[in-house]
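Bear in mind these aren't lab numbers, they're just calculated from the coordinates by the rules spelled out. All of these numbers come straight from a predicted model, not from anything done at the bench. Quick reminder, even Gly has a Cβ in these numbers, built from the backbone with ideal geometry, and neighbours come from all protein chains shown.
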Amino acid sequence: MEVFAQTIVSGLLLGAVLGLIAVGLTLIFGVVDIVNFAHGEFLMVGMYIAFFAWRLWGVDPLFSIPLAALGVGILGVISYLTFVRHAMRGTLLSQIFVTFGLLIFLRGLAQALFSSNFRGVQGSILGDVSLSVGGVSVPGPQLAAAVGSLIATSAIGWFVWRTRMGKALMATSQDREAAAMLGINPHRMFALAWFIGGIATGVAAALIVSYQPVHPNSGIAYGLPAFMIVALGGFGSIGGALAAAFLVGLIENIAGFYLPTEYKELWIFVLFLIVVIARPQGLLGRR
Amino acid sequence: MRRIVSIVAVLGCLMVPACAPGGEEPGGTEGGGGTVKIGAVFPLTGASAATGKKTLEGVKLAAEIVNENLPDTDLPLAEGEGLPNLDGATVEVVSADHEEDPEKGAAETERLITSENVVAMTGAYFSSVTLTASERAERLGVPFVNGSSSSPGLTEERDLDFFFRTGPSDRTFAETFFDFLDDLNEQKAGKVNDVAILHENTEYGTDAAAVTEEVANERGYEVVATIPHGNGVADVTPEASKVKSIDADAVFQASYTPEAILFTKTFQQLNYAPNILAYGAGFSDAAYFEAVGDLGNYTISRAAWALDAVKDRPAAVEVANMFRDRYGDEMDENSARDFTAALTLFQAINEAGSTEPEAIRDALEGLEAGADETIMPWDGITFDDSGQNELARGVILQYLDGGYKLIWPFDKATAEVKVPVPPYDRR
């Protein structure tokens, strides 16, 4: 029972963080209608920002969240203004290539600038904190990451659904032309979506950097699940991404513990296949 | 629909390292004119690029020792410039990046042999890549000398004529581990009876697990669980929770650097400090200790080399110093192993007095290097019929006070073994 509770807790902690990362991705997709393959690399950039803030100025990753969020947000806007905007006039294939090229560029740049060494933040405020509730250990950094992720996800939800600008964003997502006719500048909205998507990723990056090693490839481990979560939850659906992320976290931990660990990802893909066949628009997606 | 297909195609690509960004490898220069070229294929980009760089530096240092006149260094080919039996021809290392991908490793091996005209190959650190790369070299009839891949299957399950391994296989290492555990139980009142195995799921980890289980059964230790894990994952909590719930006396672990880091941090978070007996790899990597800091203390690892174990050999100390001067980092086990593979290859080429692949292979087969002709704590280098160096040995190290110390054999130890290991909050 204790062990089962542990797998549930670990699954929820992982799911919350995956949720925030996937929300960033799904927002960009929903509004701009383009898949950002460099999303994992955005996360990697955020992790480097938080890492160097700690390394150079001794700033704890918890306090460098705004810095990482802003950094990745700006990276998103720059990516949009310099490459993506032009690629959107091209074919679907060129859209894919431009973000895939960005992935390769960012990864190569990180290796050139920071070398391929693994780096890690040591002695963060929560680093040694670990709660134990009835035999279930809840590591401080992961708990902070999960809580922080949920707060950030809620904030994005609030912005998108409750503010004027967020409503404009959603309007653009639903019908670009109609929104434009009502005076909403789509290009501004696209840039805004990249900015918010970047902020979500940057927040997640600063939150996980206290327990995840940083290296040029560290985006892969989160990037790939994020794509699957977005597809699982329904492209463009924030609630769907969050629900799917929790599902993925729970399945990975429960199946990973009770079934042979080498197949722990298999069950996630099995679920994915079932959803694709039975409900192609995703769990909470619109057709 | 087209969108979904394209997205799936790109995602598939993301999962296969072959499509991942490739590094520009330093190409070779003009051939001939008194230069003997060997090929070196290592992971120079990707998650293990840092290790790949160090292994390649080991190979390059061996070439430097051959090419420069170092009369005071007591190693083969150090005195005089170049290879004496080939009129002082200098050696050149042509490197290539295999990106941890077995197919890419084979393709790069073929390119080096057919386009760059290398006379022999070395590499590839990853056992899974060494497997395919050496098979390609075999087909092209070119010798492949490996230093740092320890999967037993590389020599035991194949009948290759052109493959040689200077370093110990994980069978040797498994025996070393259980010799150590026997001694620990007898002489130090250790209480290790049941063991668990935690391993990465490619050639290296799978083979290490199989051979550990085999040797454990022979020696009367009970293997209570074997837990595989993937590479490039975000989370290893289920695997670590399993290890915790089993709570074996000792945990054999074969993982590369990123997962070694992840497991250590996850064990800390689960408030569980297993007695890790590591099969090198990630745990031999300085980057691991940089990333985990004090949490890495008390890790026990097998090793084919440690400066502590060869302190009585001036040449070994000198090579380690040269390595630090040239490349800024300390020489580690992996660079020492690949240094030795390359130097052995150069020795064979010199003894063959020829760059013909068959002649080099014959020279490797007949090679007899004494212990003092290497920088390793071994009994020397002599290949058996399978191409395995039968004189390679392992030692046991424990990471104490910021460095690996020799803890076994007990009579040579420079530090006292500490097991059971203390919990993470007291490191």
* Asked: Amide H of B:W408: which non-local residues (sequence gap of 5 or more, or other chain) have their own amide H closer than 5 Å, using H built in the peptide plane?
  -> B:I396
* Any idea how far the Cα center of the stretch A:46-69 sits from the one of the stretch A:166-219, in Å? -> 21
* Asked: Straight-line reach from B:K191: which aspartates and glutamates have Cα under 12 Å away, leaving out those fewer than 8 places along the same chain?
  -> B:D182, B:D183, B:D249
* Please give the peptides B:162-174, B:314-326 ranked by average Cβ packing (other Cβ atoms within 10 Å per residue), highest first, as a rough proxy for protection. => B:162-174, B:314-326
* To do: Please give, to one decimal in nm, the separation of the simple spin-label points placed at B:D329 and B:T35, each 7 Å out from Cα toward the Cβ.
  => 2.6
* To do: Hey, can you grab everything whose amide H is under 5 Å from the amide H of B:A225? Only 5+ residues off in sequence or another chain; H modelled, so Pro and N-termini drop out.
  => B:I197
* Asked: To the nearest 20 debye, what charge dipole does the protein assembly as shown have about its Cα centre, counting +1 at the Cβ of each Lys and Arg and -1 at the Cβ of each Asp and Glu?
  -> 5280
* At most 10 other Cβ within 10 Å, DSSP loop - trypsin sites (Lys or Arg not before Pro), the stretch A:75-111 -> A:R89
* Structure fact -> Out of A:H215, A:H86, A:H39, a Gaussian network model of chain A with alpha-carbon springs under 10 Å gives the largest mean-square fluctuation to A:H86
* Can you give me the relative contact order of the stretch A:39-146 as a percent, contacts being Cα pairs under 8 Å and 6 or more apart? -> 22
* Structure fact -> Here D for the stretch B:157-282, in µm²/s, from Stokes-Einstein with a Kirkwood Rh over Cα pairs at 25 °C and 0.890 mPa s, works out to 161
* Only Lys, Arg (+1) and Asp, Glu (-1) charged, at Cβ; chain A dipole about Cα centre in debye -> 800
* Angle between the Cα long axis of helix A:186-208 and the longest principal axis of chain A, 0 to 90 degrees, nearest 10? -> 10
* Taking the Cα atoms of the stretch A:218-280, what is the range of coordinates along each of the three principal axes, in descending order and whole Å? -> 33, 31, 16
* **10 Å binning of all Cα-Cα separations within the stretch B:273-427, expressed as whole percents from 0 upward** => 10, 35, 31, 17, 6, 1
* Quick one: order B:T226, B:T374, A:T82 by neighbouring beta-carbon count within 10 Å, fewest to most. => A:T82, B:T226, B:T374
* In degrees from 0 to 90, rounded to the nearest 10, what is the angle of the helix A:39-57 Cα long axis to the longest principal axis of chain A? -> 60
* Asked: Tell me which lysines have Cα within less than 23 Å of B:K53's Cα, excluding those fewer than 8 residues away on the same chain?
  -> B:K37, B:K104
* Asked: Could you name the lysines in cross-link range of B:K265, using Cα to Cα under 19 Å and dropping any fewer than eight places away on the same chain?
  -> B:K242, B:K244
* Can you pull the percent of Cα pairs in the stretch A:21-173 with separation above 19 Å? -> 63
* **Contour excess over end-to-end distance, with Cα ends at A:S94 and A:I125 and 0.36 nm allotted per residue** => 6.7 nm
* To do: Give the Kirkwood hydrodynamic radius (Å, one decimal) of the stretch A:1-70, defined as one over the mean of 1/r across all pairs of different Cα atoms.
  => 14.2
* Structure fact -> From the Cα centre of the stretch B:66-130 to that of the stretch B:192-221, the distance in Å is 33
* Asked: Rg and Dmax of chain B, Cα atoms, in Å?
  -> 21.3, 70
* Structure fact -> For the protein assembly as shown the translational diffusion coefficient, Stokes-Einstein from a Kirkwood Rh over Cα pairs at 20 °C and viscosity 1.002 mPa s, in µm²/s, is roughly 80
* To do: Please give the peptides A:240-251, B:333-344, A:50-61, A:225-236 ranked by average Cβ packing (other Cβ atoms within 10 Å per residue), highest first, as a rough proxy for protection.
  => B:333-344, A:225-236, A:240-251, A:50-61
* What share of the DSSP beta bridges in chain B is antiparallel, in percent to the nearest 5? -> 25
* To do: Round to the nearest 10 and give me the degree value, 0 to 90, for the angle of helix A:220-233's Cα axis relative to the longest principal axis of chain A.
  => 60
* Structure fact -> Rounded to the nearest whole number, the Stokes-Einstein translational diffusion coefficient of chain A at 10 °C and 1.306 mPa s (Kirkwood radius, C-alpha pairs) in µm²/s is 83
* Give me a single rounded figure for A:136-147: the average over its residues of other chain Cβ atoms within 10 Å of their Cβ. => 2
* Asked: What share of the DSSP beta bridges in the protein assembly as shown is antiparallel, in percent to the nearest 5?
  -> 35
* To do: Please give the peptides B:379-388, B:250-259, B:235-244 ranked by average Cβ packing (other Cβ atoms within 10 Å per residue), highest first, as a rough proxy for protection.
  => B:250-259, B:235-244, B:379-388
